[in-house]
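Have a look at the structure below, then the notes.
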Amino acid sequence: MTAARPDHNSPWVLDIRPLGRRPGSLKAMTIDLPVDDPIGNEVLAVPAGHEVELDIRLESVTEGVLVSGTAYAEATGECARCLTPVSEPVESNLRELFAYPGSATDETTETDELPRVVDDLIDLLPLVRDELTLALPLVPLCSPDCAGLCPECGERFAELEPGHSHEILDPRWAALAEKFGSTSSADAASSPESAGNSQQETPKEK
Ligand SMILES: [Zn+2]
Ligand SMILES: [Zn+2]
């Protein structure tokens, strides 16, 4: 299988020649790499312009170059309940073999299963992108007990008075209730009187 040649100009592409091909040869490095396209999903992502810190070890093995270590970044997004901007540290362990062309691994796996060493270059971006995306929380929250938004007024419960509710009626309903209330009390006051009159008058007529 032939894999696409990594972009030599990308900072995510490493030249593995200094490592050498002697199995057991090691190279450790801590590097900050720039994010050009956001890493993550719609609710939470490491935004473009941020950096990913990689603390990694390259190890030459018979089949290729084993990359292991950690990726660390700061993801930003919105609280899933109250939409407050949130910032979440995200960390992921990395462990991936980049297979040498012509190795047994190269012969027996597809390039979408395992990445390849191409022209002595390895591209760390697909690996780091996949792993960081998997490490992101599915439901980002501003705090674990975020109460969300009031369904009536859309304000954050965290910023409202304790016991906040909407018992005050809509002005139109309030006006109607007032009218209804005064009418029924007037009836209550007048009906015994009129009932009494009719009762008194009825016997006289008979
Ligand atoms: Zn929240
Ligand atoms: Zn409210």
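The values are calculated or read from the model by the stated rules, or taken from the named source; none is laboratory data. Keep in mind the model is a prediction, meaning the values are calculated, not measured. Cβ atoms come from the backbone with ideal geometry, glycine included; neighbour counts cover every protein chain shown. When the accessible area is computed, the model is the full protein with side chains, heavy atoms only, and any ligands, DNA or RNA have been set aside. Shrake-Rupley method; radii C 1.70, N 1.55, O 1.52, S 1.80 Å.
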task = For LEU124, work out the one condition from (1) surrounded by 18 or more Cβ atoms within 10 Å (Cβ to Cβ); (2) modelled with pLDDT under 95 it doesn't fulfil.
result = (2)
inquiry  = Can you go through LEU176, LEU169, LEU160 and tell me which one is among the aliphatic types (A, V, I, L, M), at pLDDT below 85 and within 16 Å of ligand 2 (Cβ to nearest atom)?
reply    = LEU169
query = Name the residues in region 70-122 that are assigned to a strand (DSSP E or B) and under 24 Å from ARG5 (Cα atoms), would you?
reply = ALA71, LEU94, ARG95, GLU96, LEU97, PHE98, ALA99, ARG116, VAL118, LEU121, ILE122
remark   = The correct count of residues that are under 34 Å from the mean Cα position of the chain (by Cα), open to solvent by 70 Å² or more (accessible area, probe 1.4 Å) and of a type in the set (S, T, N, Q) in region 1-55 is 2
